[in-house]
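As structure tokens, the structure follows; a few thoughts come after it.
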2 protein chains.
Amino acid sequence: MSGTEQLDPGIAARLKRDRDGLVAAVVRQHDTGEVLMLAWMDDEALRRTLSTGRATYWSRSRGEYWVKGATSGHHQFVKSVALDCDGDALLISVDQVGPACHTGTRTCFTDELPVQTGELFQESHR
Amino acid sequence: MSGTEQLDPGIAARLKRDRDGLVAAVVRQHDTGEVLMLAWMDDEALRRTLSTGRATYWSRSRGEYWVKGATSGHHQFVKSVALDCDGDALLISVDQVGPACHTGTRTCFTDELPVQTGELFQESHR
């Protein structure tokens with residue numbers, strides 16, 4: 001792979017990046033559908049992900065590219081990638097090896113917040 | 001509900017907002033797990049979502065709060081909300097009425113991108 005490769009212009013034209021040039025990447029386990037984590041991609045991270053089949057993100061905190069699993073061994077083998085209707089989010093379906101979260105849990109979404117559910121809402125407002 | 005209510009300070013302290021004060025909200029159908037869309041929330045959108053059980057977002061394009069389904073009828077009745085490990089993303093589990101996408105499709109993630117899958121990667125690099 002040369003350093004001059006670029007993301008397919010047809011794909012690049014459909015991305016709606018934020019001020020930092022990033023789109024959100026929702027990551028799910030391809031077969032169970034479990035939502036594992038959310039990360040960020042710029043054009044180059046997406047190009048690497050599509051061309052290598054290994055999930056590659058832009059780390060906003062470290063300011064560098066990050067191949068998921070490169071240090072932890074918790075690889076993400078990419079099965080499919082879909083862009084959303086307005087181009088600001090990607091859905092990455094992967095085969096996740098081990099925990100997706102750096103805290104050691106399978107998914108990063110473990111902090112449940114209290115919610116007044118729809119049923120309660122409907123009852124109390126009827 | 002008064003206009004002076006605020007998001008629980010214990011929750012607000014755990015949010016890691018972007019420069020626009022927003023966190024990403026991944027929305028999935030609660031029973032099938034299907035990922036429907038990605039939207040954005042500030043503190044007030046999250047407070048309204050948690051306290052009403054109706055998914056409420058901040059529209060970056062329109063610059064206003066947006067109760068999903070208020071105009072389309074495609075309501076999202078919230079079943080649960082989870083914050084991720086670093087506080088910059090929420091997973092909203094909903095009961096979605098009708099299509100989630102404004103284009104009329106069930107999910108917003110319909111634009112499949114070509115990917116060199118992990119199997120092919122493993123074969124070609126062995």
Exercise. Could you grab me the full set of residues in the range B:1-26 that are in a loop (DSSP other than H, G, I, E, B), within 24 Å of A:R19 (Cα to Cα) and at the interface with chain A (Cβ under 10 Å from one of its Cβ atoms)?
Key: B:R14, B:K16, B:D18, B:R19, B:D20, B:L22
Self-check item: Top-ranked residue of the range A:33-44 - restricted to ones that are over 16 Å from A:A82 (Cβ atoms) and out of contact with any Cys (no Cβ under 8 Å at 6 or more places or on another chain), ranked as surrounded by the most Cβ atoms within 10 Å (Cβ to Cβ)
Solution: A:W40
Self-check item: Qualifying residues in the range B:86-106 (those that are without any contact (Cβ under 8 Å) to a residue 60 or more places away in the chain and either within 19 Å of B:A13 (Cβ to Cβ) or among the polar types (S, T, N, Q) (or both)) - the one nearest to the other protein chains (Cβ to nearest Cβ)
Solution: B:T103
Quiz prompt | Of all residues in the range B:71-114 being hydroxyl-bearing (S, T, Y) and crowded, with 18+ Cβ neighbours inside 10 Å, the one that is farthest from A:R62 (Cα to Cα) | solution = B:T107
Exercise. With the condition kept exactly as written, say whether any residue in the range B:9-32 is in contact with a helix residue (DSSP H, G or I) (Cβ under 6 Å, 6 or more places away or on another chain), open to solvent by 60 Å² or more (accessible area, probe 1.4 Å) and not basic (K, R).
Key: no
Practice problem: Check A:S59, A:S51 and return the single one that is out of contact with any Gly (no Cβ under 9 Å at 6 or more places or on another chain), surrounded by fewer than 18 Cβ atoms within 10 Å (Cβ to Cβ) and touching a residue at least 40 places away in the same chain (Cβ under 8 Å). | Solution: A:S51
Quiz item: Given the structure, is A:E44 farther than 26 Å from B:R19 by Cβ and charged (D, E, K, R)?
Solution: no
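The values are calculated or read from the model by the stated rules, or taken from the named source; none is laboratory data. Predicted model only: the values in this text are computed from it and were never measured. All Cβ positions, glycine included, derive from the backbone under ideal geometry; neighbour counts span all protein chains shown. These accessible areas exclude ligands, DNA and RNA; they are computed on the full protein's heavy atoms, side chains included. Shrake-Rupley method; radii C 1.70, N 1.55, O 1.52, S 1.80 Å.
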